[in-house]
Structures are given as C-alpha cells and as structure tokens.
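*Asks:* Sharing a structure with you now.
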Amino acid sequence: MELTPITSPARAYVPGDDAIDAAAGLRERFALDALARGRSGSRGFLSRIASVGKRSPKATCDDGGDDDVPHSPTSPVGEATLMDALTCAGAPLTTSMLRLSSDHQAKSVKLNAVLTTLVNEHEDMKSEDFASAVQKIAKEVIKREELADEMYAQLIRATRSTVGERSRRKAWELLRIFAALFAPSRDFIGFISEYMNEVASRGVVDVQPLARAALHTMKRTSKSAMRRHAPSPEEIVAFAKNEELRVVISFLDGTFEDLPYDMTTTVKEAVEELASVIKLQNHASFSLFTVRKFFGKITSSGKDGLLSEEHRDVGDGGFVSDALGDIRKMKTDATPSKASAVTTGVLFKKRMFRESDETIDEPTFVLLSYVQAKHDFIMGNYPLSRDDAALLAALQVQADEGPTLVEDVATLSMTLGKYLPRVMCNTRSSSDWAEHIARQHVPVKGLSSDEARLALLRMVRSLPYGNSTFFPTRRVDDPIGLLPGKLIIGINKRGVHFFREQPMEYLYTADLRDIMQFGSAPHAIFFKMRVSGALHVFQFETKEGESVCMALQTHINDVMMKKLADRNAATPAKDATAMDASSRGEAVNSTSDAALAAASNEAFANQAKAGDSVSTQRQIRDLTHKLEQANAERTALMAQLGDINEAFHEANDRLEAERAAKMDIAAMMKSLEQQLRDERNAAPARADAVADRLGDLSSIQIKELQDELDIETKRARDGEAQLFELQQTVAVLEQKAKRTDATNADELARVNAEKQAEISELKDLYNASEATVGELKREIDALRSAQDEQKAALTEEMMKELNDLRELKAHFASQESTTRELMASQAEKIKELEEKYSQEVLLRRRYFNMLEDMKGKIRVYARTRPLTGIESSQNQKAVLAMPDEFTCAHPWRGEKKDRSYQFDECFPAMSSQEQVFEDTKYLVQSAMDGYNVCIFAYGQTGSGKTFTIYGDDENPGLTPRAMREVMRCIHRDSGKCSVKMECYMLELYRDELIDLLRPQGAGDAPKLDIKKDTKGWVTVPNATVTEVSNEDDILDVIQTGLKVRKTAGTKMNVESSRSHLIFSLVIETTDSQTGTITKGKLSFVDLAGSERVKKSGAEGDTLKEAQAINKSLSALGDVISALASEQPHIPYRNHKLTMLLSDSIGGNCKTLMFVNVSPTDGNIEETQNSLTYATRVRTIKNDNGKNVITKEVQVLRQQLAHWKQKAGQVQEQDTVEIANEIQVEDFKNKIAL
C-alpha cells in the first residue's frame, strides 16, 4: 500500500539533522519499506509521522534547537526518508531498522525492548540490573556483528525521539557505553561520528559533554579489535560511573603490579602504563598473556608441584577486559587428568626475542629477558646435555644467590627445582646434580649478578633454538615422514625448529633461507621449505597459526633490515675515507701537491690490486713516505714563517707607539715654552701699569700693592722654577727618546736581518722541496708506465688463469655430480644398514634371552658368609668349601669323600655385593623386554638372605643395585620409548598377607587374595600400588616397607626376619614410533629362614612365628619336590607362600634362586638340607614368555570394553584362582617321553 504524502509545516532544526542529511547514501541499508508497512496497524510507525505536521513546534521531538537556527522542511511522509526513520517517537519497534535476516530481525526487536527499558525516563534500575541488561545486549552483538549497526541506529533514534531531559541523558550515557563495547561498521562509522560531533558542538549544554565523551570513546574502540567476551557487570557499572578497576599483572619471577583499567583500556595502553611503572623504556616486544598453570603430584611420594602451564598472547589490539574474560573461560575449560589444581592470571613478558635485543643494555630489559630465558629453560623448552644444563644452573645460582649457595651442597640439592627442569632432575640423584653444578660454578664464581645474567642470555642465544617462541602443534601432512604426530615448533632468528613433545627432544631445524613460503588458516599452518635440496610442503594443526606466521615474518624482517643496515654502513665508510683523504690534501695548501699525493695513492692502490712485485710496492711506499715528509717539513716551515712575521709586526707596533709618545712630549714642551714667552712679554706691561697707578695711591695702598707685587714676584719666580724643571724634564725625555730610537733602530735592523736570513733559508728549502717533488713526479710517471706494462702482462696471465678456472669448474661440476650420485647410493646403503641394524637389535634381544634360557630356566646361585662373632667364640669352624666357581662341598657324617653340589654360580664368603650383582643385572634387561623376572633367597635363619637381597647403607644388595640398573636402561632408551613404573610390597606373616605400603590409620584393611591374571602372573588385588619415576622414589618405597616389616632377635641372629617379604616392580614401556606396549615385572623375595627351635631358643610369639615359617617352607619343599619329580599334581594351594611363588617356580617366570648357607660345622645339617633343595630347584623349568601388546590390539581391547559397557555387560574378571593341577596334555607328553 503506497503512502500518501502529507504536507507539513517546516520543522525546527534539531542537532544532528545535517549529519543525517549527509548520510543519504546509507538509505539502502535501512528497511524503510518494512517500517512503512507498519502503518497498516493501528497507528503504525510511519503513521505517527503524519501527526508530526499537525503538532505545534514545541510538541515535536526537539533536542533543544534554537528557533533562530534556519529551519529545514520535513519531507512528506509517503517518501519514508531517513530523517523520518531516525526522528519518530513512539512505541518500541516491531521490526529492525536495517535490512537484516529474519533471525537477526527477531533479535533486534528483543534488544530494542531492553533498550527502551534502559532509557525510560521513569525507570529507576539497580546497578546490577542495569549491568545485566547491558551485558545481555553486548553478548548478542559480539556473537552477531551485524547487529552492531542496528543498535547504533536504535540508539540514535532514542537520542532524537525522547522528550524528557532525563531520558535524553540516559540515551546518551547508554550510547557512550555501547561505543565502549563495540564499534560500528566501516560504512556507519563516518555517519555516527559526524552525528556525535554535530551534537557535541551544537546541541544543548547538558548533552554536549555526553556527546563528546561518546565520540572520544568510539574513536578509541574503533582502533581496537572486536571484543571476544562481554564485560563483567562490575566493569560495566564502573565505566558507567567513570570509575576505574584494578587488575593484577604478574611477572615470571613471581612479582606483580596492579594497574587501573576500564572497558576501553587496550593491551597496548596497559603495556605502556606498566612499562612506565617499572621504568622499562624498550617495551615494544612485550605484551600481556593469559596464563593457566596446572598443579599436581610430581613424585610418587605425593608431593605437589607445577605440572605444566599455558600462555596465550592477548594481542596489542585486544582489550584488558577480554583478557579477564579469557581467564574466566579458562576456569571452566577441561584440565589434564593429573592436575589437582589450576591457577590463572595475566602475565607480562616478551612476545618474542628479536635481533635488536642484543644491543639493548637497559637494566630492566636485561632482567626481564633473563627471567624469561630462565623460565623457558626450567620448563624444559631447551633440551641440553648435562654439562650445559649444569652450567646454566650455575649461572642462575650466581645471578640469584651468589657463590654462598654452591658451598652448601646439601641446601643446593634441596632447591634444584629452582634451577633445573623437573625432567632433568629425575635423570640422576640430587646430590650428583648438586656436585656437578658446583664444579661448573668454579669458572663463573667471579662474575657479578648482572654479568651472570648476561652470560646466561649469551649462552641461551648461542643455542640453535635459543630464544625461540614455542607453539604446540599436531602434524597433518609430512611428505618425508620426518616428524611425530604431536610436536612443538620453535621460531627464532635462525629458523623453524621442531621438537618432540614428551619428553622434549630436538628433531630438526629449517633455516630461514630454506623456507620458501608459509601461511596460516584459523586452525592450521603450512611451510613450503627445502629439505635435503628438495621442496616439500608441511602442514600442521594449531590454534596459534597467525602468531606463528607473525613471529616468523618478524624474524625475517629483522634479518633483512640488518643486512640492509650493514650495506648502508659500508657506503658512508667509503665516503668518510674519501673525505679524510681530501682533508689531508688541503693541509698542504697546494693544489698540485694534493693532486700528486692522490695520484701516488691511486697508483699504489692499483699496483696492489694488480699484484705487482714486492720491490715495486716497496719503492712506491718509500716515495710516498718521502713525499709525506717533504709536505710535513714545508708545513712546519710555513708555520715558522708565520710566527716570525707576527713577531716583526709586534716589534713595529711597539716602535710606532714609542714614536707617538715622543711627539706628544715635544708638543707639550712647545706649549710650555710659548706660555713662558707670553709671561715674559706681559711682565713689563704689567710693571708700567703698576707704576702709573702708584702715583695715585696712598702709602697704605702702596703698601698693599707692594705686597701684591711681592706675591706676584714670588709666583713669577715659582713659575720660572717650574719652567726650569719642565725644561729639565723635557731634556731628559728628549735624551730618553733619542736612546729609544737608537735602540729600536738597532733591534729592528737585527730582527730584519735575522728574518731575511730565515726567509732566504726557507726559500732554499722550498726550492729543494720543489725539486724533490719534481723528481718524485718523474719517478711516479715511470712507475705508472711500468705499472701499465705489468697490468697488461697480468691481464693476459689472469685471462689464462680464468680459462683454467673455468675448466676446473667444469671438472668440479662433473665431480660434484659423481659425488651426488655416490652420496645417493651411500644414503641407500645407510638406509639398508639401518634396517639391518634394527633387525640385528631384535636378534640381539632374542639371542640374549635364548642365552639366558640356556643357562637354566631357574638358575641357582649359592652364597656363603664369613663366621660371626658368636660362632668364633663357640670355636665353630668353617667346613663349607667352594673348589671352583660352580661347586660347593662339605664333609658329611664320616664319609670319606665330601658331598658336592653343582650350581650356576657359587660365591665364597669374601665375595662382594658388586660381584654377586654382576651376573644378575642382565635379568633387569629381561624385565625391560617384557618378561616376568623373580629373584628370591632361600636358606636357614642367619645365613645372609636379607643382606643379599637388600644389604645395608655401605653395601647395598641386589634390590638397590637392580633399581639403579633399571634407571640406567631407561635413560639409555629415553629417546626410543617412554616408561611407566609401579611397585608394591607385601609381607607374609604367620600365614597372613599384609600390605606394607598401606598408609597408617587408613581404616580397615581390605582382604588380600592371591590370584593369577590372564598372562599367568601372580597378582594380589586390593594391594597398594605406588607409581614411581626415579631411583629415589623406588628406594623410598622400599625403606617405607622395611620399616614396618616384622623382625626379632634370636640366639642364631640378632635381627631375624619373622616373615616372607615380596617386593615387585612392574615396568611398562611404550615404543615412541610403533606404539607397542611391553610390560615386564621384576620381583625380589626375601624368604624367612628355617630354624630349629632348640638352636634359636624361640618361645612365646617368636615360637609361633618359627612354627609358621617352618610350615610355609615345608609346603615350598613339597612343591619343589613335586616339580623336580615331574608329578602331575603340584600342591600350590597348600600354603599362601607357594601360591605367591606359583609363577616363579614351575610357572611362566624367569627365576633366579640364591641359596644362602652357613659355613660352620655347627649348622652342617641345615646347610646340607638347603643345598639339596637348591639342587632340586635347579632341575625345574619354567615356561616363560614376553608380554607384548601391539598398539592395534590395545585399541581393540579398549573398544571391546567400551562396547561391552554400552551393552550393559558386566566386565569379566582379569584374574583367576590358582590351581594345583598342571596341564594334562603336558603331563601326557611327559609320560610318552
């Protein structure tokens, strides 16, 4: 339906009309037709415009315009102009003011209802309600940027359509807040700014400051990036009240500063403010980062520490409030499973280390760079050797603590975490690290703190990947199979570096000159780079692709700018050399001499370049030196001549002054003589006059006259006397003048004679110099001609050499081609050899385990001990002999021949713990390869079983030494696989199984059952399993268990073990390349010793313990007998001890048994029984095998368990009961044999 134009009278000017008229180009952006259709409803939007013409000027929407201002006519209603749409007052909108999608139109209508409430003149909202409403609008606009212009249009309409003064102020205050939240689009920003500017300059007094504030805020916001988060209610309320909030910004060393901010404060402004607070001038490379730190257990003992941390650059164009919004979001994000606590905050640090950093010596800048480099090292970003790591730690100690800390090795070992990465701390004991750092500290002991910091920065800078910015990525496309799936990319001035993620391991570096092209998408990045001479495209997935490209481009620009600066610096140096030569030439004050010197220098340079002979160069050098000497002498003579002339002029000036004084004296003498003559001539006349008057005077008068005459006469005489004195003085002065003239004339003549002589001498020298210069010119001409001849000869020779070089180049090219082909063939051979080496490694493992099996499935070692003090006091004798390393022998009840027993190894009484472990440590490799390994000690009480298995502090036994060997194997293979270790420790005391690692006071202990898992390994459900990562953790677990083990003193042993002790270490290795999982177990069993009650003197509880021990060992003897005689029934279930050892004796375990025996004749019967049992054990064969699960099988098992759980099926048990019967088929096969 068309709108009928309605003619209305001229409307008064309203501030902002000119800006709206000038924005006619935006008409197509407004949905004027949709607004016009609203007229069909009861008094729709544009229907209300018709009433504007009928109202009085005072009733129209007026922002306080002046009647004196020229009026602009209102357009007819039917045209639906932009002025009408932005000026009409009335009910809330029923459609959007701009052309938007249907979804956005619905949102804009809802937001208009909220906006109408906010600017309602009669609505008094609480601060929290106001902030909530503004936050609601901000969230919608941030999610839908198209709504930003719509909200500005609605707000302009609100500022022009309201009538009440309070409502108008509310609208402008809200416009200022919206200007702080988001900026209009590029099309609208000109119109909005012109509108605000017009109202700020021509509006009413109370609105002008609000309009200026809104305009200023929008200018700041338009220069920044789009917001990512809606501000918090506190930030909105504070901005509305013109108040500032405080934000805490931390540093990497743990210090912090709090800064003021509001919703419009950008990161760049915050960085500048913080730099002024900490007095940092060079802050261009610094920025704000959001940080999230994860804390959890870092040791098996439960000690909490920092696991990892994430840093994200906020960006200079971002807002501080966005950084705080990121932190609020981080608190709800998922965290690693091992993390027990998370902290967040805002961090101030360098965005990247740049080439120009090396030239900055500002103390604050150096300190912050040092702290960041130290933090990167401690977080494990720099894989280093032990020596380099220890040196970096020593520099940190010197910079932070001084030399005193290194002197206290114990304190240093307790604080290693402050100076070394946690991963490196676990590679060796703390004391070894502390001693290594102390050795590396010796050369840096004399450095000051600042020097130590600079030395650390130089050392980090010297690393290929030093001062890198690190980005976690995931491989998408690797054409040559060089990189793992998860990796870390480091970028510095040298290029792009690739690292394995866990553990941090350096892989490869691509130099900047090898990177041909790079680019990024929102979640990916690619590099086109040269590898081994060929171009390849690598693609990676990352959330920081833009930051990666920015860092790489920055370093490329720095390198190019440095090359340009070096090239520009070379040109001024040449110009300065030329100017210096010119100035030296000017000092001679002779154009010909300067030209001659320049020619000489040029000739010398040309001769040097052309490769003249040594003698010619020496002649030119001598001539040039002589010329310089002559010029220097000439300059000195000219200076002397100038001095002489100056002295002559001074003497002449003095003579002229004396002549002037003499003329003055003569003039004064002439004046005095004239006065004297005048007096003499006037005296007779005065006498006649006096005589004429005498006749007329009385006697009294005569008397008076006579007195006057006397006075005059006296005066005349005095005048004559003075005249005489003056004449005498004149005569004296004349004589002095004559003497002075004579003296000056003689001196002047003498000086003139001397100067004339010197001038003659200088002229002679000058003529001689001229002659020398002429000779030098002639010699230079001769040399120049000789040079031309030599140059021609050399040119011919050089052309010949050039041809030879070209032939040599062609020859080298052919050789290079041959070498390239040879290297390609060698590369293929190397690849073939690597494959063969891999096969050989597999064969080595296979043959090694076959060799171990060939030694005996259950190997038995015999060991005896020295006599104890009690045995020596009882006069007992050592009767056990070991004729060789495989035999034990002892006398028996009068038999003529000693009884002998054969074992795999026999260790006499003086054997050390190291010798005993030497032939045992290879079983550690079997456990690493996935086998079940058991080492147990058997023998009577007091025979040395516990000493063999555990030892003491001075002589550690098999268990501590085996743990050290395990860690050595892990460190050796750290680049090939990752290792996870768990351990448990049990005690069988009086037929009761006890968990030694269960925490004290943890409540009722669960029941411990002995089961077998699907691999045939004995396992004890509900036992405490402790995860360990290094040797110290394992030894701590062992000491924890040994402290609570049951021991007692008997007559045969001061500290007798009253229980059987089992310690097991489960080792799970994962191949880094194939993902294959290998799981092995290493167990140590310290059996309680058999004893005779009469000998041990046991009674009470000790007697019951002895009976339980003998009962368990008797059951073990039954099992050994049944296995040795190959009976079909093996009584494993007769006792818990045999159930625990069911996989070690006759099971699937690699077993080593130590039979410990007493050497004395007093225990000969117990020794004979122990050796007999050990001989039977040696005949038992186990059926062992590796426990290896491929990556594919592991994935299938996890999927099967997942789908079973989905289907509601109960998870099947992984353990089974231990049975007495062996396999029937095996028994039948044995019978058949």
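*Asks:* From ASN955, ASN1022, grab the single residue that is open to solvent by 30 Å² or more (accessible area, probe 1.4 Å) and touching a Leu at 6+ places or on another chain (Cβ under 6 Å).
*Replies:* ASN1022
*Asks:* Could you please give the count of residues in segment 128-152 that are closer than 19 Å to ILE192 by Cα and among the charged types (D, E, K, R)?
*Replies:* Number of matching residues: 4.
*Asks:* I've got another one for you. Filter segment 465-487 down to the residues that are over 20 Å from VAL559 (Cα atoms) and open to solvent by less than 30 Å² (accessible area, probe 1.4 Å), then identify the one that is farthest from the chain's Cα centre (by Cα). Full working, then the answer.
*Replies:* So in segment 465-487, the residues over 20 Å from VAL559 (Cα atoms) come out as 471-487.
The next check asks that each one be open to solvent by less than 30 Å² (accessible area, probe 1.4 Å); those that pass are 471, 473, 478, 483-484, 487.
Working: PHE471: 12, THR473: 18, ASP478: 27, LEU483: 23, PRO484: 23, LEU487: 17 Å.
Once the filter is applied, the top-ranked residue is ASP478.
*Asks:* Might you let me know whether segment 915-925 holds any residue that is within 14 Å of CYS1149 (Cα to Cα), touching a helix residue (DSSP H, G or I) at 6+ places or on another chain (Cβ under 9 Å), open to solvent by less than 10 Å² (accessible area, probe 1.4 Å) and in contact (Cβ under 8 Å) with a residue 40 or more places away in the chain?
*Replies:* Yes.
*Asks:* Can you name every residue in segment 91-110 that is of a type in the set (A, V, I, L, M, F, W, C) and in contact (Cβ under 8 Å) with a residue 24 or more places away in the chain? Break it down stepwise before answering.
*Replies:* Restricting attention to segment 91-110, the residues satisfying the condition of being of a type in the set (A, V, I, L, M, F, W, C) are 91, 93, 97-98, 100, 106, 109.
Within segment 91-110, LEU93, MET97, LEU98, LEU100 meet the criteria.
*Asks:* Please identify the pairs in which a residue from segment 1019-1037 that is assigned by the TED database to the domain that holds LEU996 and part of a loop (DSSP other than H, G, I, E, B) has its Cβ atom under 7 Å from the Cβ atom of a residue that is among the aliphatic types (A, V, I, L, M) and surrounded by fewer than 19 Cβ atoms within 10 Å (Cβ to Cβ), counting only partners at least 6 apart or on another chain.
*Replies:* These pairs meet every condition: VAL1020/LEU1008; ASN1022/LEU1008; ALA1023/LEU1008; THR1024/LEU997.
*Asks:* Return the pairs, sorted by first residue and then second, in which the second residue is hydrophobic (A, V, I, L, M, F, W, C) and not in a helix (DSSP H, G or I), the first residue lies in segment 111-137 and is over 22 Å from ASP322 (Cβ atoms) and open to solvent by less than 50 Å² (accessible area, probe 1.4 Å), the beta carbons are less than 8 Å apart, and the residues are 6+ apart or on different chains.
*Replies:* ASN112/LEU93; LEU118/MET125
*Asks:* Could you say which residue among THR729, THR818, THR740 is assigned by the TED database to the domain that holds THR635, loosely packed, with under 14 Cβ neighbours inside 10 Å and more than 30 Å from THR635 (Cβ to Cβ)? Break it down stepwise before answering.
*Replies:* Details: THR729 fails: loosely packed, with under 14 Cβ neighbours inside 10 Å; THR740 fails: loosely packed, with under 14 Cβ neighbours inside 10 Å.
Residue meeting the stated conditions: THR818.
*Asks:* Taking the residues in segment 1146-1194 that are in a loop (DSSP other than H, G, I, E, B) and at pLDDT 85 or above as candidates, determine which candidate is surrounded by the fewest Cβ atoms within 10 Å (Cβ to Cβ). I'd like the intermediate steps shown before the answer.
*Replies:* Of segment 1146-1194, the ones in a loop (DSSP other than H, G, I, E, B) are 1146-1149, 1158-1159, 1179-1187, 1190.
Narrowing further to those that are at pLDDT 85 or above: 1158-1159.
On the way: SER1158: 28, PRO1159: 23.
So the residue we want is PRO1159.
*Asks:* Please state which of the following conditions HIS375 fails to meet, knowing it meets all the rest: (1) in contact with a helix residue (DSSP H, G or I) (Cβ under 8 Å, 6 or more places away or on another chain); (2) in a helix (DSSP H, G or I).
*Replies:* The failed condition is (1).
*Asks:* Which one of these is under 26 Å from SER532 (Cβ atoms), of a type in the set (A, V, I, L, M, F, W, C) and out of contact with any Gly (no Cβ under 8 Å at 6 or more places or on another chain): LEU454, LEU447, LEU507, LEU512? Can you show your working first?
*Replies:* Working: LEU454 fails: under 26 Å from SER532 (Cβ atoms); LEU447 fails: under 26 Å from SER532 (Cβ atoms); LEU512 fails: out of contact with any Gly (no Cβ under 8 Å at 6 or more places or on another chain).
Step by step, each of LEU454, LEU447, LEU507, LEU512 is checked, and only LEU507 is under 26 Å from SER532 (Cβ atoms), of a type in the set (A, V, I, L, M, F, W, C) and out of contact with any Gly (no Cβ under 8 Å at 6 or more places or on another chain).
*Asks:* Let me ask something else. Restricting attention to segment 309-317, does a residue exist that is assigned to a helix (DSSP H, G or I), open to solvent by less than 60 Å² (accessible area, probe 1.4 Å) and at pLDDT 80 or above?
*Replies:* Of the residues in segment 309-317, the ones assigned to a helix (DSSP H, G or I) are none.
Within segment 309-317, none of the residues are assigned to a helix (DSSP H, G or I), open to solvent by less than 60 Å² (accessible area, probe 1.4 Å) and at pLDDT 80 or above.
*Asks:* If you take the residues of segment 505-556 that are part of a loop (DSSP other than H, G, I, E, B) and closer than 28 Å to LEU288 by Cα, which of them is most open to solvent (accessible area, probe 1.4 Å)? Even if it seems obvious, please write down each step before you answer.
*Replies:* Keep residues of segment 505-556 that are part of a loop (DSSP other than H, G, I, E, B), which gives 522-523, 532-533, 542-544.
Next, only the ones that are closer than 28 Å to LEU288 by Cα stay: 522-523, 542-544.
Numbers: PRO522: 108, HIS523: 121, THR542: 7, LYS543: 159, GLU544: 47 Å².
For segment 505-556, the residue satisfying everything is LYS543.
*Asks:* Looking only at segment 372-389, filter to residues that are surrounded by fewer than 19 Cβ atoms within 10 Å (Cβ to Cβ) and within 27 Å of VAL247 (Cβ to Cβ); which one of those is modelled with the highest pLDDT?
*Replies:* For segment 372-389, the residue satisfying everything is HIS375.
*Asks:* Could I ask something else about it? Of all residues in segment 170-208, how many are part of a helix (DSSP H, G or I) and either closer than 24 Å to THR116 by Cβ or touching a helix residue (DSSP H, G or I) at 6+ places or on another chain (Cβ under 8 Å) (or both)? Steps first, please.
*Replies:* The first filter runs over segment 170-208 and keeps only residues part of a helix (DSSP H, G or I), leaving 170-181, 186-202, 208.
Filter once more, keeping what is either closer than 24 Å to THR116 by Cβ or touching a helix residue (DSSP H, G or I) at 6+ places or on another chain (Cβ under 8 Å) (or both): 170-181, 187-189, 191-201, 208.
Counting residues in segment 170-208 that are part of a helix (DSSP H, G or I) and either closer than 24 Å to THR116 by Cβ or touching a helix residue (DSSP H, G or I) at 6+ places or on another chain (Cβ under 8 Å) (or both) gives 27.
*Asks:* Looking at segment 401-441, which of its residues are part of a helix (DSSP H, G or I), under 19 Å from ARG968 (Cβ atoms), in contact (Cβ under 8 Å) with a residue 60 or more places away in the chain and out of contact with any Gly (no Cβ under 6 Å at 6 or more places or on another chain)?
*Replies:* Our first condition is that a residue be part of a helix (DSSP H, G or I); within segment 401-441, this holds for 404-407, 409-414, 416-418, 422-425, 430-441.
Then keep just the ones that are under 19 Å from ARG968 (Cβ atoms); that gives 423-425, 430-433, 435-436.
Going one step further and asking which of them are in contact (Cβ under 8 Å) with a residue 60 or more places away in the chain, we end up with 423, 430.
Result: SER430, single match.
*Asks:* Looking only at segment 769-798, which residues are touching a residue at least 12 places away in the same chain (Cβ under 8 Å) and either open to solvent by less than 50 Å² (accessible area, probe 1.4 Å) or farther than 26 Å from ALA632 by Cβ (or both)? Spell out the reasoning first.
*Replies:* Pass one, segment 769-798, residues touching a residue at least 12 places away in the same chain (Cβ under 8 Å): 769, 772-773, 776-777, 779-780, 783-784, 786-787, 790-791, 794.
Passing the criteria: SER769, VAL773, LEU776, ILE780, LEU783, ALA786, GLN787, GLN790, LYS791, LEU794.
*Asks:* May I pose another question? Going through segment 996-1045 one residue at a time, which ones are under 24 Å from MET414 (Cβ atoms) and hydroxyl-bearing (Ser, Thr, Tyr)?
*Replies:* THR1026, SER1029, THR1040 - these are the residues of segment 996-1045 that are under 24 Å from MET414 (Cβ atoms) and hydroxyl-bearing (Ser, Thr, Tyr).
*Asks:* Moving on to the next point. Tell me yes or no: at least one residue of segment 1049-1067 is part of a loop (DSSP other than H, G, I, E, B), among the β-branched types (Val, Ile, Thr) and modelled with pLDDT of 85 or more.
*Replies:* Of segment 1049-1067, the ones part of a loop (DSSP other than H, G, I, E, B) are 1049-1055, 1058-1059.
Now drop any that are not among the β-branched types (Val, Ile, Thr), which leaves 1050, 1054.
Imposing the further condition that a residue be modelled with pLDDT of 85 or more reduces the set to none.
Scanning segment 1049-1067, I find no residue that is part of a loop (DSSP other than H, G, I, E, B), among the β-branched types (Val, Ile, Thr) and modelled with pLDDT of 85 or more, so the answer is no.
The values are calculated or read from the model by the stated rules, or taken from the named source; none is laboratory data. As the structure is a prediction and not an experimental result, all values here were calculated from the model. Note: ideal-geometry Cβ built from the backbone for every residue, glycine included; neighbour counts use all protein chains shown. The protein model used for the area step is the full one, side chains on, heavy atoms only, and it has no ligands, DNA or RNA in it. Shrake-Rupley method; radii C 1.70, N 1.55, O 1.52, S 1.80 Å.
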